[in-house]
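Peer 1: The structure is given below, and queries will be raised subsequently.
The values are calculated or read from the model by the stated rules, or taken from the named source; none is laboratory data. All figures in this text were calculated on a predicted structure; none of them were measured in a lab. Glycine gets a Cβ as well: all are built from the backbone with ideal geometry, and neighbour counts include every protein chain shown. Heads up: the accessible areas ignore ligands, DNA and RNA and are worked out on the full protein's heavy atoms, side chains in. Shrake-Rupley method; radii C 1.70, N 1.55, O 1.52, S 1.80 Å.
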Amino acid sequence: MSINLKKVPNTPGVYKFFNKKEIIYIGKAKDLRKRVSSYFGKSFKDRKTSQIKFLTDKIETFSTKNEVEALLLEQTLIKENKPKFNILLRDDKSFPFIFIGNKDQWPQIKRHRGKKTKEGFYFGPFASAGSANWTIKMIQKIFHLRVCDDTVFKNRERPCILYQIKRCSAPCVDYIKKEDYQQTVKDAIEFVSGKSRRIQKNLSDQMEKASEDLDFEKAVILRDRIKSLNIIQSSQRINEANLVEADVIAGYKESGKTCIQVFFYRSKQNWGNQSFFPKHDPDEKLSNILNSFISQFYENKSVPSSIILSEEIKEKTLIEKTLSQKENKQIIISVAKKGAKLKVINQAIKNAKDSLNRKLYESQNNRELFDSVANKFNLETNINLIEVYDNSHIQGTNSVGALIAYGDEGFIKKRYRKFNIKIKKNEQDDYGMMKEVLSRRFKRAVQEKDNYLTFPDLVLIDGGKGQYSVARESLNELGLHDIPIIAIAKGKLRNSGNETFFHNGKEYKFEKNDPTLFFLQRIRDESHRFAISAHRAKRKKGLSKSLLDQIDGIGMIRKRALLNHFGSARAVESASLDEIKSVDGVEEKVAKKIYNFFHE
């Protein structure tokens, strides 16, 4: 390949390297011409640079105003295109927060994930939904805040079971004064913000006063709330390093793979940790992996004031500047070298090492299972990727096909797909559904349409001889004779462990304690779970459509107002014209249309 380097500007920006089909590498530079030129010198620093030069057929560059803009653009393009030679954060996800609204008279506490569009108080991130749910549960025990949604709250006539088990103060039926409830909301916000000493003293004072007033029932409730407060304080582990708002990030690399651990510290509390396994070249340095990880990790997440690392990174100053501009506050990146912070980092490194060892063990175990499957069914191909297909419906309604994928490192969620059955006659025909699903999935791959999936090494079908024949015919029609197919069918009693397998006109059985049988059952069961969840979601969506959707002029806003006011479409049906007119946003003309729809 020849390239005119004189046409590359001496400006900050981003560059893309292409081979004949796709982008293979994306990078940024303070000076694009100098950086791009470095790839085409006579000597190379490493094997990866040599490969990039050898495979590159075309280069594109984009100038930016400064290095900060170049870094932001680079990370956005890497996430969109996932080039094979870039370090990729594959496990990127949003983390749950606890949300308490501040506009409602009776604020609700709930778990929140995604953009922070509502006004209120957000606390997090928590490492998992489980840790956030546990914290909400403990806050319920201490402060008795409501967790029910607005529709349920506005239509209750008596308190729910949460009041009976002392998890809610029943504001829905006015069992607590509005000013008292607002005070408990403020206390809960202070508590989650790390100001628990004042809360504990207030509860103790209230308990003593209740005892003096001989109100022993109230004193017992306050005693239980203080116990719950002590439990949550000890379980959240007030940290020795006194980290008020920080993420602790540590990496461990072995056998060409890396695990990065992120610990979340907020309000001097440890809110959990999460493991990440970025994709990278086996020879990549750990410092480079951490450098790329931080840029990608915070691309769509809020950033704490302090980020503590296990080792130095080369672009520390640039990343600090970029994140500070993004958050409109000062962000400090530091390396723990001594004292309590070093203890925290060492613990994070140990966690990263343990997680990576488990991952490597699972990968090795999966490789052995893949080889066992290939040997059992006399497959001539190496298995690295299995796709499993299943269908779900109830008497031909809400028919859905499901695809799940399994690779060296386990289930690959980003390759999961669901297929709403489009051909009407296939909705009650299991064979027709299977044929439609496979044809749609593999036709897209053959034609290389947008967002197509690469071919698997093995297709596993939940079904018997009939499903196998249909699947084989579908792939053969597309010229995919070389992709092996195995069908797995349960016995007459539908009992697990008595499965019969079909492949190439032969039937196969396993011993009931065979690890390969357990493996095939496990991935089959995952496809079944995913198919059922997709079917239920589709069915629920259909059930959520009410009679109100059939009335002209009733959009989502009016529908929500009516349902919030009456609780259900059936209650709207039985309402008088005056009652319908009393709903906010429903003027007289619309109210008459609604009333007439139900009564004509």
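Peer 1: What are the pairs, 6+ residues apart or on separate chains, where a residue within segment 357-368 that is within 15 Å of LEU520 (Cα to Cα) and in contact (Cβ under 8 Å) with a residue 24 or more places away in the chain has its Cβ under 8 Å from a residue that is surrounded by 13 or more Cβ atoms within 10 Å (Cβ to Cβ) and acidic (Asp, Glu)?
Peer 2: ASN366/ASP408; ASN366/GLU409; ARG367/ASP408
Peer 1: Mind counting the residues in segment 330-362 that are among the small types (Gly, Ala, Ser) and modelled with pLDDT under 90?
Peer 2: 3
Peer 1: If I ask for residues that are closer than 21 Å to SER128 by Cα, surrounded by fewer than 21 Cβ atoms within 10 Å (Cβ to Cβ) and among the hydrophobic types (A, V, I, L, M, F, W, C), which ones from segment 275-302 would you list?
Peer 2: PHE277
Peer 1: Tally the residues that are free of Cβ contacts under 8 Å to residues at least 12 places away in the same chain, polar (S, T, N, Q) and part of a loop (DSSP other than H, G, I, E, B), restricting the search to segment 428-453.
Peer 2: Matching residues across segment 428-453 total 1.
Peer 1: Another question about this same structure. Pick from LYS137, LYS103, LYS141, LYS118: which is under 23 Å from TYR298 (Cβ atoms) and modelled with pLDDT under 90?
Peer 2: Selected residue: LYS118, the only one of LYS137, LYS103, LYS141, LYS118 that is under 23 Å from TYR298 (Cβ atoms) and modelled with pLDDT under 90.
Peer 1: So which strands (runs of 3 or more DSSP E) stay within segment 40-148 end to end and still have 1 or more residues that are under 21 Å from GLN182 (Cα atoms) and in contact with a strand residue (DSSP E or B) (Cβ under 8 Å, 6 or more places away or on another chain)?
Peer 2: Per the criteria, 97-101, 109-112, 120-123.
Peer 1: So, one more: In the set LYS343, LYS350, LYS338, LYS359, which member is among the charged types (D, E, K, R) and either open to solvent by less than 20 Å² (accessible area, probe 1.4 Å) or touching a strand residue (DSSP E or B) at 6+ places or on another chain (Cβ under 7 Å) (or both)? Walk me through it before giving the result.
Peer 2: Values: LYS343 fails: either open to solvent by less than 20 Å² (accessible area, probe 1.4 Å) or touching a strand residue (DSSP E or B) at 6+ places or on another chain (Cβ under 7 Å) (or both); LYS350 fails: either open to solvent by less than 20 Å² (accessible area, probe 1.4 Å) or touching a strand residue (DSSP E or B) at 6+ places or on another chain (Cβ under 7 Å) (or both); LYS338 fails: either open to solvent by less than 20 Å² (accessible area, probe 1.4 Å) or touching a strand residue (DSSP E or B) at 6+ places or on another chain (Cβ under 7 Å) (or both).
Residue meeting the stated conditions: LYS359.
Peer 1: Can you say whether ASN288 is modelled with pLDDT of 90 or more and either within 30 Å of GLN51 (Cα to Cα) or under 27 Å from the mean Cα position of the chain (by Cα) (or both), as far as the supplied structure shows?
Peer 2: So ASN288 fits the description; yes.
Peer 1: Just one of (1) at pLDDT below 85; (2) under 16 Å from the mean Cα position of the chain (by Cα); (3) farther than 30 Å from ILE26 by Cα; (4) among the aromatic types (Phe, Trp, Tyr) trips up PHE95, so point out which.
Peer 2: (3)
Peer 1: Kindly list, by first and then second residue, each pair from a residue in segment 514-531 that is under 17 Å from LEU458 (Cα atoms) and touching a residue at least 60 places away in the same chain (Cβ under 8 Å) to a residue that is basic (Lys, Arg) and assigned to a helix (DSSP H, G or I), limited to pairs with Cβ atoms under 9 Å and residues at least 6 apart or on different chains.
Peer 2: Listed by first residue and then by second, the contacts come to THR516/LYS376.
Peer 1: Only one of TYR175, TYR181 is under 21 Å from ARG225 (Cα atoms), touching a Pro at 6+ places or on another chain (Cβ under 8 Å) and not in a helix (DSSP H, G or I); which?
Peer 2: Selected residue: TYR175, the only one of TYR175, TYR181 that is under 21 Å from ARG225 (Cα atoms), touching a Pro at 6+ places or on another chain (Cβ under 8 Å) and not in a helix (DSSP H, G or I).
Peer 1: Determine whether segment 317-324 contains at least one residue that is open to solvent by 40 Å² or more (accessible area, probe 1.4 Å), closer than 25 Å to PHE293 by Cα and of a type outside the set (Ser, Thr, Tyr).
Peer 2: Yes.
Peer 1: Right, another one. Being touching a Lys or Arg at 6+ places or on another chain (Cβ under 6 Å) and either open to solvent by 10 Å² or more (accessible area, probe 1.4 Å) or closer than 30 Å to ASP224 by Cβ (or both), is that true of even one residue in segment 72-84?
Peer 2: Looking through segment 72-84, at least one residue is touching a Lys or Arg at 6+ places or on another chain (Cβ under 6 Å) and either open to solvent by 10 Å² or more (accessible area, probe 1.4 Å) or closer than 30 Å to ASP224 by Cβ (or both).
Peer 1: Same structure, new question: Confirm whether HIS565 is open to solvent by less than 30 Å² (accessible area, probe 1.4 Å) and either at pLDDT 75 or above or not hydroxyl-bearing (Ser, Thr, Tyr) (or both). Spell out how you get there, then give the answer.
Peer 2: Working: open to solvent by less than 30 Å² (accessible area, probe 1.4 Å): no; either at pLDDT 75 or above or not hydroxyl-bearing (Ser, Thr, Tyr) (or both): yes.
So HIS565 does not fit the description; no.
Peer 1: Give segment 370-380 a look and list any residue that's open to solvent by less than 20 Å² (accessible area, probe 1.4 Å), in contact (Cβ under 8 Å) with a residue 40 or more places away in the chain and either among the acidic types (Asp, Glu) or part of a helix (DSSP H, G or I) (or both), or say none.
Peer 2: VAL373
Peer 1: Give segment 201-232 a look and list any residue that's buried (at least 16 other Cβ atoms within 10 Å of the Cβ) and modelled with pLDDT under 70, or say none.
Peer 2: Answer for segment 201-232, where residues must be buried (at least 16 other Cβ atoms within 10 Å of the Cβ) and modelled with pLDDT under 70: SER228, LEU229, ILE232.
Peer 1: Same structure, new question: Name the pairs: first residue in segment 2-20 and within 13 Å of LYS53 (Cβ to Cβ) and polar (S, T, N, Q), second residue open to solvent by 40 Å² or more (accessible area, probe 1.4 Å) and at pLDDT below 90, Cβ to Cβ under 8 Å, at least 6 apart or on different chains?
Peer 2: Taking only residues 6 or more apart or on different chains, the pairs are ASN19/LEU55; ASN19/ASP57.
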